[in-house]
Amino acid sequence: MKNKKVVVIGLDGANKTTAKLVGVDTQLHDFISTIPPYTPPSWTSILTGVNPAKHGIIGWQKVSKLSGKVSLATSRDVKYPRLTEILEEANLKSILINLPMTYPFNGIRKKENTIIVSDWAAPKQAIYPEELEKKYSEYLIDPPHEWSKHKKSEYPKRVKEYTETRMGLYYDLLERQDWNLYFIVFSEIDWFSHIFPQILEGNDTHIVAPTFRLIKKFIETAQAVSDVMFIVSDHGFEVKNKIFYVNEALSEKGFIKYRKSKAKLVKIAKRTLPKKILNRITEKTKISSSAVNYVAQNASAFMVEPATWGVYVRNMGKKKEIMKALSEYEEVFDVLEFGMVHKGPYLKNMPELIVIPEKGVEFSHELGKGPMEKTYKGDHEIHGVFSAYGKHIKEDIKFEKLPRVYDIVPTVLHVFGLPIPNDTDGRVLREIFEENSEFALSMSKRIPMD
């Protein structure tokens with residue numbers, strides 16, 4: 001089964017509504033994200049088959065438990081082999097396009113048979129190996145992910161132009177390169193869902209239709225050249241009508257002490273100063289580049305990256321008190337110890353607490369507001385989408401248990417007839433295979449992961 005061609009299409013942030021707008025309207029199932037339902041941990045779990053405490057990624061940033069200082073996470077912080085690295089052991093060839101936490105490329109140990117295109121969050125648009133970067137340089141334009149920099153009325157046009165340009169690269173790699181696994185993520189769905197929450201309710205869909213048609217056409221082409229195709233999203237989306245300021249709530253309860261004037265000054269600097277200048281000021285004065293970094297040095301507990309749902313606890317003697325205090329807010333559904341949700345060797349690097357919001361609530365880490373205000377915007381939710389097509393794939397799939405982000409790696413390895421790491425958190429999605437097909441009849445072997 002090693003000669004199979006498998007395509008994984010990632011629709012970043014798609015829920016059933018936006019997936020249908022793209023044109024994926026058959027075989028569409030709920031797909032359970034990580035807790036938290038967030039791009040960095042979820043795509044890393046999809047690509048490794050394990051939870052954040054095993055692969056080490058909880059957000060775009062990482063926190064030093066000793067100093068409280070914050071720095072960026074990169075490919076080097078992924079502590080578990082990716083699917084492509086496992087396929088390398090079997091001499092299978094892969095193409096990875098726009099996957100978070102794959103840059104810098106030297107953070108991926110095994111990549112002799114892998115082509116990698118950096119994602120939108122990378123500091124530069126690049127391709128591995130380098131000779132392909134030179135060949136495809138005309139397609140490596142900067143992504144328009146910073147929607148606040150564009151007029152809202154002009155943003156859909158900018159995204160369409162970006163997608164049209166990049167498609168030349170995507171098609172060429174699909175049709176001209178040799179591969180067994182072709183894995184691409186389209187982040188456009190996520191970008192649109194943030195800035196135009198009305199599309200989540202089925203309104204003003206004409207705004208996104210031109211870009212979504214381009215993605216739909218690519219999906220159809222990829223399906224035609226693959227034996228099996230999976231369509232997945234890292235998380236879903238919903239309309240948020242409340243912002244809950246977690247750090248302000250912690251301050252209100254006495255767990256963070258700060259001078260509001262300094263927090264305001266740092267926020268103004270972040271908003272008005274060019275990033276290079278702000279970084280220079282930060283380096284000279286030895287102050288942090290955000291209010292959060294400032295308070296984190298001495299706070300008993302603090303949130304760094306709101307979408308991680310994580311709260312770091314520096315004063316462990318107050319952990320239960322902090323959990324109780326946050327649970328008292330109506331915007332909070334539950335507060336759990338991180339180790340109750342995920343287990344693994346890198347649990348020590350994770351936030352001590354996971355704060356789960358009520359439906360329709362978005363978290364913020366900012367200080368000087370709140371702790372609550374009304375809003376209307378789109379943001380992440382735990383129900384993504386899953387779909388599967390191809391040879392020996394049922395036309396009417398019924399799941400005994402909803403698929404999860406951890407299930408893609410074991411299922412793809414099963415399709416290739418390869419052994420599955422015994423510490424994966426996922427399962428082979430056997431419900432998708434036709435009865436008596438080679439996929440249904442074959443047994444999966446479990447092996448230790450080095």
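Pick from region 27-43 the residues that are assigned to a loop (DSSP other than H, G, I, E, B) and within 15 Å of the chain's Cα centre (by Cα): which of them is nearest to Ile432 (Cα to Cα)?
Ranking the qualifying residues of region 27-43, first place goes to Ser33.
A quick yes/no check of all residues on (1) closer than 20 Å to Gln223 by Cα; (2) in contact with a Phe, Trp or Tyr (Cβ under 6 Å, 6 or more places away or on another chain); (3) surrounded by fewer than 17 Cβ atoms within 10 Å (Cβ to Cβ):
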residue	(1), (2), (3)
Lys2	yes, yes, yes
Val6	yes, no, no
Val22	yes, yes, no
Thr26	yes, no, yes
Thr34	no, no, no
Pro37	no, no, no
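Being part of a strand (DSSP E or B) and either under 19 Å from Gly236 (Cβ atoms) or not assigned by TED's automatic domain parsing to the domain that holds Gly107 (or both) narrows it down to one residue among Val24, Val8; which is it?
Val8 is the lone residue from the list that is part of a strand (DSSP E or B) and either under 19 Å from Gly236 (Cβ atoms) or not assigned by TED's automatic domain parsing to the domain that holds Gly107 (or both).
Lys69 passes all but one of (1) modelled with pLDDT of 95 or more; (2) among the charged types (D, E, K, R); (3) more than 22 Å from Ala122 (Cβ to Cβ); which number fails?
It fails just one condition, (1).
If I ask for residues that are of a type in the set (S, T, N, Q) and either surrounded by 13 or more Cβ atoms within 10 Å (Cβ to Cβ) or at pLDDT 95 or above (or both), which ones from region 140-178 would you list?
Correct list: Thr163, Thr165, Gln177.
Would you point out which residue out of Leu413, Leu418 is over 20 Å from Gly236 (Cβ atoms), at pLDDT 95 or above and in a loop (DSSP other than H, G, I, E, B)?
Testing whether each residue is over 20 Å from Gly236 (Cβ atoms), at pLDDT 95 or above and in a loop (DSSP other than H, G, I, E, B) leaves just Leu418.
Quick check on my filter: what residues within region 421-445 are within 20 Å of Pro52 (Cα to Cα) and either free of Cβ contacts under 8 Å to residues at least 40 places away in the same chain or not β-branched (Val, Ile, Thr) (or both)?
Selection gives Pro421, Asn422, Asp423, Asp425, Gly426, Arg427, Val428.
Select the helices (runs of 4 or more DSSP H) contained entirely in region 279-343, then report the ones holding at least 2 residues which are buried (at least 20 other Cβ atoms within 10 Å of the Cβ) and at pLDDT below 95.
Per the criteria, 291-296.
For residues that are surrounded by fewer than 21 Cβ atoms within 10 Å (Cβ to Cβ) and closer than 20 Å to Lys240 by Cβ, tally how many sit in region 344-360.
Count: 4.
If only one of Ser193, Ser118, Ser137 is surrounded by 19 or more Cβ atoms within 10 Å (Cβ to Cβ), polar (S, T, N, Q), over 20 Å from Ala307 (Cβ atoms) and at pLDDT 95 or above, which one is it?
That would be Ser118, the only listed residue that is surrounded by 19 or more Cβ atoms within 10 Å (Cβ to Cβ), polar (S, T, N, Q), over 20 Å from Ala307 (Cβ atoms) and at pLDDT 95 or above.
In the set Val355, Val412, which member is touching a residue at least 60 places away in the same chain (Cβ under 8 Å), in the same structural domain as Glu252 (by TED's automatic domain parsing) and aliphatic (A, V, I, L, M)?
Residue meeting the stated conditions: Val355.
Within region 307-334, work out how many residues are more than 16 Å from Ile256 (Cα to Cα) and touching a residue at least 24 places away in the same chain (Cβ under 8 Å).
Selection size over region 307-334: 8.
Can you pull out the residues in region 44-83 that are outside any loop (DSSP other than H, G, I, E, B), out of contact with any Phe, Trp or Tyr (no Cβ under 8 Å at 6 or more places or on another chain), among the hydroxyl-bearing types (Ser, Thr, Tyr) and within 29 Å of His414 (Cβ to Cβ)?
Residue satisfying the conditions is Thr44 alone.
Could you check region 107-213 for helices (runs of 4 or more DSSP H) lying wholly inside it with 2 or more residues that are on the phi < 0 side of the Ramachandran plot and of a type in the set (S, T, N, Q)?
155-176
The values are calculated or read from the model by the stated rules, or taken from the named source; none is laboratory data. These figures come from a predicted structure and were not determined experimentally. Using ideal geometry, Cβ is built from the backbone for each residue, glycine included, and neighbour counts are taken over all protein chains shown.
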